[in-house]
1. Among the residues in segment 20-34, are any of a type in the set (Asp, Glu) and closer than 30 Å to residue 61 by Cβ?
Amino acid sequence: MTPKLADYIAEGKTLSADEREIAALALQQIGDTEQAEVDAAWDEEIDRRVDDILSGKVELVDGEETRRMARAMLAARRK
C-alpha cells in the first residue's frame, strides 16, 4: 500500500457511515473510457463463444444437465 493510499484510507475513516458508503460507491464506478474497454472485451468474448457454438467446437448442455454436472464435481471434491 502506498503512503498516499494509506492517507486516503485514514482520512476516509473520519467520515460518517453515510459518507463512507457514498465514497465507496463512487470509487467502484468506472469512467466512460474504462467502460468502453470493458464493453469491447465482452463483445469479443460473446463473438468468440457464438462462433464456438456455430462451428460445433463446443457442445451445448441444458441447464438441468449443467446442474447435475456441477453437483457431481462438487461431490467428487468433497471425498
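1. First, pick out the residues of segment 20-34 that are of a type in the set (Asp, Glu): 21, 32, 34.
Within this subset, residues satisfying the condition of being closer than 30 Å to residue 61 by Cβ are none.
No: segment 20-34 contains no residue that is of a type in the set (Asp, Glu) and closer than 30 Å to residue 61 by Cβ.
So that you can scan it fast, the table gives a plain yes or no per residue for (1) closer than 30 Å to residue 8 by Cβ; (2) within 17 Å of the chain's Cα centre (by Cα); (3) not small (Gly, Ala, Ser):
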site: 26; (1), (2), (3): yes, no, no
site: 35; (1), (2), (3): yes, yes, yes
site: 39; (1), (2), (3): yes, yes, yes
site: 42; (1), (2), (3): no, yes, yes
site: 47; (1), (2), (3): no, no, yes
site: 55; (1), (2), (3): no, no, no
site: 58; (1), (2), (3): no, no, yes
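FYI, it's all coordinate maths here, none of it is from the lab. Just so we're clear, the structure is a prediction, and the values are computed from it rather than from any experiment. FYI the Cβ positions are ideal-geometry reconstructions off the backbone, even for glycines, and counts take in every protein chain you see.
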